[in-house]
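The values are calculated or read from the model by the stated rules, or taken from the named source; none is laboratory data. Here the structure is a predicted model, which means the values were calculated and not measured. Every residue, glycine as well, gets a Cβ built from its backbone with ideal geometry; the counts of neighbours run over all protein chains shown. With ligands, DNA and RNA removed, areas are computed over all heavy atoms of the protein, side chains included. Shrake-Rupley method; radii C 1.70, N 1.55, O 1.52, S 1.80 Å.
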Number of protein chains: 6
Amino acid sequence: MRDVLVLKITGKAFDEGSTLISRYVKLLKSMVSEYRLIVITGGGNTARKYISDARSLGISSNYWLDLIGIWVSRLNSLLITSSLQPYAYPKPAVSLEEVLEALSSHRVVAMGGLIPGQSTASTAIEVVEAVGAEKLYYFSAVGYAYDRDPAKYPDAKPLREVNASLLKKILEQKQLPGEYALIDEKALDLAIRSKILVQLISYREPEKLLDALRGENPGSLIHPA
Amino acid sequence: MRDVLVLKITGKAFDEGSTLISRYVKLLKSMVSEYRLIVITGGGNTARKYISDARSLGISSNYWLDLIGIWVSRLNSLLITSSLQPYAYPKPAVSLEEVLEALSSHRVVAMGGLIPGQSTASTAIEVVEAVGAEKLYYFSAVGYAYDRDPAKYPDAKPLREVNASLLKKILEQKQLPGEYALIDEKALDLAIRSKILVQLISYREPEKLLDALRGENPGSLIHPA
Amino acid sequence: MRDVLVLKITGKAFDEGSTLISRYVKLLKSMVSEYRLIVITGGGNTARKYISDARSLGISSNYWLDLIGIWVSRLNSLLITSSLQPYAYPKPAVSLEEVLEALSSHRVVAMGGLIPGQSTASTAIEVVEAVGAEKLYYFSAVGYAYDRDPAKYPDAKPLREVNASLLKKILEQKQLPGEYALIDEKALDLAIRSKILVQLISYREPEKLLDALRGENPGSLIHPA
Amino acid sequence: MRDVLVLKITGKAFDEGSTLISRYVKLLKSMVSEYRLIVITGGGNTARKYISDARSLGISSNYWLDLIGIWVSRLNSLLITSSLQPYAYPKPAVSLEEVLEALSSHRVVAMGGLIPGQSTASTAIEVVEAVGAEKLYYFSAVGYAYDRDPAKYPDAKPLREVNASLLKKILEQKQLPGEYALIDEKALDLAIRSKILVQLISYREPEKLLDALRGENPGSLIHPA
Amino acid sequence: MRDVLVLKITGKAFDEGSTLISRYVKLLKSMVSEYRLIVITGGGNTARKYISDARSLGISSNYWLDLIGIWVSRLNSLLITSSLQPYAYPKPAVSLEEVLEALSSHRVVAMGGLIPGQSTASTAIEVVEAVGAEKLYYFSAVGYAYDRDPAKYPDAKPLREVNASLLKKILEQKQLPGEYALIDEKALDLAIRSKILVQLISYREPEKLLDALRGENPGSLIHPA
Amino acid sequence: MRDVLVLKITGKAFDEGSTLISRYVKLLKSMVSEYRLIVITGGGNTARKYISDARSLGISSNYWLDLIGIWVSRLNSLLITSSLQPYAYPKPAVSLEEVLEALSSHRVVAMGGLIPGQSTASTAIEVVEAVGAEKLYYFSAVGYAYDRDPAKYPDAKPLREVNASLLKKILEQKQLPGEYALIDEKALDLAIRSKILVQLISYREPEKLLDALRGENPGSLIHPA
């Protein structure tokens, strides 16, 4: 499936009304005749709000907190799905088998998370693996991998290329529902085991995907090593 | 199924963080050993926000706008479901058959809307019909039926009891996704055809359900006539 | 989906053995290379017989009576499905999502009703809405809308064009399972909200669909206003 | 599952309006607190009519003809299902796994055929096998096995007890959809391999099931040998 | 569906590591642009081992023993499925309806058995019937039908052409799970009723399928008579 | 759900015919009236053989290799399921939602892996999380955690209690399908985040589970810290 592109869009992109999403939609529409597209969306602020409400209701089980986050990510994916009719598979795919099946008769498949205990980043890597692609285009909150946490260290330097194993050491993951960092350790492990490149792009600049498709590196490139 | 209670909670109840919902949860928990409970939740502000975002993305199809609203209502139902573990059926029921099946082995079934083109109020009436109950307990934004639109006429008078056919004439329904009024015409028609009573209760006072179960009328009672 | 036609065939068409249905089948076969077709079938006499038997068994719940009618309408749709192999989706679609999904890889999707409490006419309008079409071709028992009930008033006049809101006033709907009239109020409401034209054609003259596709009006045209 | 009874009711029982079925319903209701019941229904005249219509439409594939017959048998099962609410699993079971699952939380499971190419008699034997029961109560058109075809030979004698292997030789099976004879060869083979007794009872006398449960033989008993 | 080929591969082909299967895979790959392929796989030694273990665990129910065999046959089909990506439907089809649906958007559908009480040979005939094909290509352990059991009679002669009804008499079927013979009686009956030819080919020579497609008879041909 | 026990059985237990498994079955049968049991089985040698065959067929995608391993683990779970009839949910659960649902009406739920990219150990932890239990009983190949790899260092010492975070450092995980070590890093991370204790027990001594239930530690206890 050479013509299949797998894109992960951070939930942050859905936090600012439709302005930013409409740019994604425009971009995806322009690509739909040339590529088949799988779009994995995150949960963003709505997920955080619902998870926070759930905690206030006394829910401490990570299973349920994760599941609520997954449902929000699926809700976000519906904005993509409905915007790309009649090309898009008409519901959020909820298993990898469904992704493969949907892809055989649709140009676009949008989806959120799949299973509690797993970030949407890991899900995205598994999708790349399942469809036999080689790269994940990852529209992330930050856009670059850094040599240190840029939130703490103002002098942190962006890494244009970095090995996944090194990045694992740099990142300190937190595993609370709805608070996964840039990209989690497990996602990087999965990328390494299946030799999948991750192209980071700032979520604020969806159009840079076209640069990436031309062979440029508009963010950071994470090598599966 | 004499011991089955069907409750509809307006999406507004989910608009104010967890304070109000936690009162519903506490109430439902106290009832779960005595009754089997079906809880239909609306979409509220989150639905309105997502539908508004969808419109901004150029989506004009009522099918998709309704579907997005339905997914939000299901998301809201998950707060009920996760709060009432291990008694609650572990996912939002998405068909009437699933409601019946789930009810045979769970004390609580929570759900949102079922199908585009139908309000969650209509869905709730159909659930009452399907489980063979006689009454819908409807936690609505207003709490009472009025002889005139109380938003326009400050001197509108609450009707403690009213026939559904009269209420239909009073209400002027609008059919835009996410903007169904107090209770829509179709829901009233369904109530009439299946002789289902609708007990309105203000969504701000969930505990008044206990009054209703004691035979009182803590809001308005809509007769199927 | 400009090439998608949505057709509703009254259950009456299935009441007279295969003579009439074979004309529908021939017509649909001739169109299958040019159009994608969604066919919604009613229940007809068989539905009425089963519902009547159910009543005699003491079943008074409209949920169950409706459901039995829906199963008969699905059974009728199987005659269309099996006649249009290998073009037709191999089972009756039972949700709007399934219609959309089936349509992406089949030329024909046949189906009956979807949910108790809703006529197959309403279902048909929702299908039109879901696939983004603009018109429903409705093969009805009567073929025309009239200014008065033609069964009661011999001098009732057919209306070649009529607004849905006016037609609502003319028709007096009954809501008993299996006895929906020409087209029910709810279906008209759904047509209005989504700006869907309804082209009535006599169920005895399926071939007139071709006239309608040429821009003629071989029955009555109901405007969504 | 000692308390599970598996009953097969010939489609003929559904051919005479509700009079006869109401006796079955009354019987089943009286047993529901003591036994868990699985009821497999045949298609009867309605199946024959639909299959005949399908042939007239030019459908010659036994797959489709059988499937249409199966859908009618499921429709018939819905009369049982709806009459035995809230005890009955709310839809026709369509696989053996579904039967087992449904049985764990319902007192009654009603169903029709499962798969083209297989009679409802064979289906019934497989159900007995799957639930680990030892006997099938078979309400058949004839009520007895005979030493010769009673339709051809007026002096044919009923066999109160007969081995399945002998009965196979007596019966000359026809394998046209909707026309399976008393009990087909495959069903008898399945009974033999799993050592399942078949108690034949005339479909006109449902109440004789009670005799059978008291240890009597109110028809013919087919031994798995 | 003129271009659809239905192939049955005996489980024995999976008993010798990947050497033999890789020849099947190579063959199927070479045909995938010209034909749509349905591949039904048997269970082989792994099925026999698991069924034997199950018996040792005290499981005597043929339902469960068959089901375990079916799961092994599905596992075998996954080797075909994964080898023929991205052309193959991504999971074992588990019903005839799923086969039909999968075939509309995939070049290859692989599957094992469908239902306890039925051999994979019978399943394969039903698949041929369902897709409207005329012939089953059956890679069997023996490759030829013989006039007597070749295992017992060294002078048994292969029959290049034989009628199914004659073959039924020659074969003495055993009905134990995992031990179905060359082809079982029921499969032959199904072939007769639907006029399906069965082309036997030795499972050790998959490439002879190409001879068969050129009109030759590289094994035995069983006529539906 | 205080009475729910979650057990993970290494695939190795299925490698030695039925001798060992029959001890598990006997144990589980003795517990079924007191506890509800969820049993997660691994793939063992059969998984390794199938994955090896798949590699020989040229399949390099970890998605497909994992999936084949998952299907074998489900096949193993069927031995448990069929041995524990009629108490066990009649099929391998394939999602966490299904586990929760099945548990509401069955005493036993058996299952294998859920999703490619995740070990059955991680799956087991997620199951514990989903059902709200506090401990995983893990019948592992080794039975103890060691301070060093006991396969390399003959003087490695068993650790009766160990923190998960320390164990992570001791273990060097490999991520090839079918070759997950004692317990993988991700499973330990999930255990830590949800405060789940892991009780290791040698897979050769299933009966020691009873010791563990009496409060003893018959292997190693991994603390979620």
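Quick notes on this structure:
- Filter result (at the interface with another protein chain (Cβ under 7 Å from one of its Cβ atoms) and under 18 Å from the mean Cα position of the chain (by Cα)) within the stretch A:90-100: A:LYS91, A:LEU96, A:LEU100
- The condition (being buried (at least 24 other Cβ atoms within 10 Å of the Cβ) and in contact with a helix residue (DSSP H, G or I) (Cβ under 7 Å, 6 or more places away or on another chain)) is satisfied by just one residue among E:VAL109, E:VAL4, E:VAL25, E:VAL99: E:VAL109.
- Where strands (runs of 3 or more DSSP E) fall entirely within the stretch E:113-214, none has at least 3 residues that are surrounded by fewer than 16 Cβ atoms within 10 Å (Cβ to Cβ) and in contact with a His (Cβ under 6 Å, 6 or more places away or on another chain).
- Listed by first and then second residue, the pairs linking a residue in the stretch A:63-81 that is more than 9 Å from chain B (Cβ to nearest Cβ) to a residue that is charged (D, E, K, R) and buried (at least 24 other Cβ atoms within 10 Å of the Cβ), with Cβ atoms under 9 Å apart and 6 or more places separating them unless they lie on different chains, are A:ASP66/F:GLU129.
- A:LEU188 meets the conditions (1) in contact (Cβ under 8 Å) with a residue 24 or more places away in the chain; (2) away from chain F (no Cβ under 14 Å); (3) touching a helix residue (DSSP H, G or I) at 6+ places or on another chain (Cβ under 6 Å) in every case but one. The failed one is (2).
- Per the conditions (1) free of Cβ contacts under 8 Å to residues at least 24 places away in the same chain; (2) part of a loop (DSSP other than H, G, I, E, B); (3) under 30 Å from A:SER104 (Cα atoms), the sole criterion not satisfied by E:GLU98 is (2).
- Test result for B:ARG23, basic (Lys, Arg) and more than 10 Å from every other protein chain (Cβ to nearest Cβ): yes
- E:SER104 vs. criteria in contact with a Leu (Cβ under 8 Å, 6 or more places away or on another chain) and under 18 Å from A:GLU97 (Cβ atoms): no
- Conditions (1) outside any loop (DSSP other than H, G, I, E, B); (2) more than 8 Å from chain E (Cβ to nearest Cβ); (3) within 27 Å of A:VAL127 (Cα to Cα); (4) not aliphatic (A, V, I, L, M): number failed by F:TYR50: (2)
- Members of the stretch B:1-17 found to be touching a residue at least 24 places away in the same chain (Cβ under 8 Å) and within 11 Å of chain A (Cβ to nearest Cβ), listed by number: B:PHE14, B:ASP15
- Any chance D:ALA93 is open to solvent by less than 10 Å² (accessible area, probe 1.4 Å) and more than 30 Å from F:PRO92 (Cα to Cα): no
- Every residue from the stretch C:191-209 that is at negative phi, of a type in the set (Lys, Arg) and either within 14 Å of another protein chain (Cβ to nearest Cβ) or touching a strand residue (DSSP E or B) at 6+ places or on another chain (Cβ under 7 Å) (or both): C:ARG193, C:LYS208
- Subset tally (residues that are under 13 Å from the mean Cα position of the chain (by Cα) and part of a helix (DSSP H, G or I)) for the stretch D:25-45: 1
- For the criterion of being crowded, with 20+ Cβ neighbours inside 10 Å, at negative phi, under 15 Å from the mean Cα position of the chain (by Cα) and of a type in the set (Lys, Arg), B:LYS12 fails.
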